[in-house]
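Q: Mind having a look at this structure? Questions to follow.
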Amino acid sequence: MRSKHGGEKPVNRRSEGEALVVSRRGEWTEYVYIGHAAVVDADGRLVAWAGDPGGMTGLGWAARPFAAIPLILGGLRERNEWSEADVAQLAGSQADGEANCRSLHAGALALCRRYNWPAAGYTRPEHPLQKETQRRVAEFAGVGEGVPGHVRDDCGFPGFVLPLWRIALMYARLASPPAGWADVALRGAADSVAGAMLARPDLAGAGGSLARLLLEGGAVAANAGPGRLAFALPRERLGVVIAMEADSNTALPAATAAIVEDIAEAFGEEEAADDNAGASLAGLAASIRSRFPAERLNVGGEPVGRHEAGERLAFADGLRR
C-alpha cells in the first residue's frame, strides 16, 4: 500500500491528517490536534485507520525491539545469560536513554565478535551488523530486502522510515508472530523480546509514561518520538501506530484511549463472550483515562477545559458494529 499523497511525504503535515483530539477551553475549541493512525493485524491486513496510514514516519525509539532481534538470534542471550531486564533494556526502554544506548552498543559489539565482523564502523549502514538489522526490520515490515528510508538515531545507529501501516505490522508480528510467517528462530526471537518487555514494564520509562502504562496492561508498547506511539495488542493480534504533531504529547493519551475504545467496540462483543478480550481492551482504555485525565487544570488546580476525542477510526470491510 502506498500513501494517497505518493508515499513519501511526512505524516506530520496538518493538511493531511485527521482531528484525533480536540482541546476545549470552556465551550470554545482552543486547539485541534492533527494526526494519523494505522491498525494492522499480524497477517498484514489493514484493519482500521485515521488520516493517511501510508504516510511515512520514522520508527525512532520504537525501532529498539527490532535492533535487539539480531542479538537474540545470534545466541547472545544464552551465551551471556541475559535476564529479562537485560533484554528489556536493549529493546528500547526509556527509563534511562543513556543506559539504553550503552547496552545497545555493547550488544552490537558482542555480536560483531560472535560473527568475526570488524568492530570498525559498526554503526554505519554498510556494516554487516547494520545490514543484518535492516534485513530483520524488512522481514517484520514485509518489505522484502529494502527499507524505504534511513536516518541516524539518537544513539548513533541507523534509523528507519516506513509507512505507518508497516510499522503497525512490525509490532503485530513482534507480539503475535503468525505460525506461517518467517522461521521458528525469528518467531522465537520475537517472543523473547516481547516477553521481556512485558515482564519489565518498569524499564519502559517513568511511572507516568504512556508506554509503561500500556505494557502494564498487556500491550507491547514503545514511544516512537514526540507525538508518536507504537503498540501491539497480543490477544487481538493487532499492531497500532499513532503519529501526531510533535507538540501533541499531552493529547496523545486521549487519542490512544479513543483508538483502543474503537477497537474494543469493533472486535469486543463476540470475543468477550469467550475470553473477555473486549473487556480487557475497555479496561486498558479506562486505565489510560484514569492515569491521564481529560480534564485540563490551571495553575490553581481549577478545571478550565478538557481533551476530547476527535475523528473515530475508519474500519475496513464494515468491521465496526
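Q: Looking only at segment 103-157, which residues are of a type in the set (D, E, K, R) and open to solvent by 60 Å² or more (accessible area, probe 1.4 Å)? Lay out the reasoning, then the answer.
A: Initially, segment 103-157 is screened for residues of a type in the set (D, E, K, R), giving 113-114, 124, 126, 131-132, 135-136, 139, 145, 152-154.
Within segment 103-157, ARG113, ARG114, ARG124, GLU126, LYS131, ARG135, GLU145, ARG152, ASP154 qualify.
Q: On the given criteria, is LEU198 within 21 Å of ALA42 (Cα to Cα), under 12 Å from the mean Cα position of the chain (by Cα) and not hydroxyl-bearing (Ser, Thr, Tyr)?
A: No, not satisfied.
Q: Moving on. Of all the residues that make up segment 169-182, how many are aromatic (Phe, Trp, Tyr) and open to solvent by less than 20 Å² (accessible area, probe 1.4 Å)?
A: Of all residues in segment 169-182, those aromatic (Phe, Trp, Tyr) come to 171, 181.
Next, from what is left, pick out any that are open to solvent by less than 20 Å² (accessible area, probe 1.4 Å): 171.
Looking only at that region, the number is 1.
Q: Additional query: Condition test on GLU145, is it of a type in the set (Asp, Glu) and either at pLDDT 90 or above or in contact with an Asp or Glu (Cβ under 7 Å, 6 or more places away or on another chain) (or both)?
A: Criteria not met by GLU145.
Q: Given the residues GLY51, GLY60, GLY75, GLY44, which is the only one that is on the phi > 0 side of the Ramachandran plot and surrounded by fewer than 15 Cβ atoms within 10 Å (Cβ to Cβ)?
A: GLY75
Q: Hey, another quick one. If you check ALA258, ALA185, ALA222, which single one turns out to be within 12 Å of the chain's Cα centre (by Cα) and touching a residue at least 24 places away in the same chain (Cβ under 8 Å)?
A: Numbers: ALA258 fails: within 12 Å of the chain's Cα centre (by Cα); ALA185 fails: within 12 Å of the chain's Cα centre (by Cα).
ALA222 is the lone residue from the list that is within 12 Å of the chain's Cα centre (by Cα) and touching a residue at least 24 places away in the same chain (Cβ under 8 Å).
Q: When ASN100 is evaluated against the numbered criteria (1) touching a strand residue (DSSP E or B) at 6+ places or on another chain (Cβ under 9 Å); (2) at pLDDT below 90; (3) open to solvent by less than 30 Å² (accessible area, probe 1.4 Å); (4) closer than 17 Å to VAL193 by Cα, which criterion, by number, is the only one it fails?
A: (1)
For every residue, the table says whether it meets (1) outside any loop (DSSP other than H, G, I, E, B); (2) among the basic types (Lys, Arg); (3) on the phi > 0 side of the Ramachandran plot.
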| residue | (1), (2), (3) |
| --- | --- |
| TRP117 | no, no, no |
| GLY121 | no, no, yes |
| GLU132 | yes, no, no |
| VAL137 | yes, no, no |
| CYS155 | no, no, no |
| LEU162 | yes, no, no |
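The values are calculated or read from the model by the stated rules, or taken from the named source; none is laboratory data. Model, not experiment: these values are computed from the prediction. Counting neighbours? That spans all protein chains shown, and the Cβs are built from the backbone with ideal geometry, glycine included. All accessible areas refer to the heavy atoms of the entire protein, side chains included, with ligands and DNA or RNA removed. Shrake-Rupley method; radii C 1.70, N 1.55, O 1.52, S 1.80 Å.
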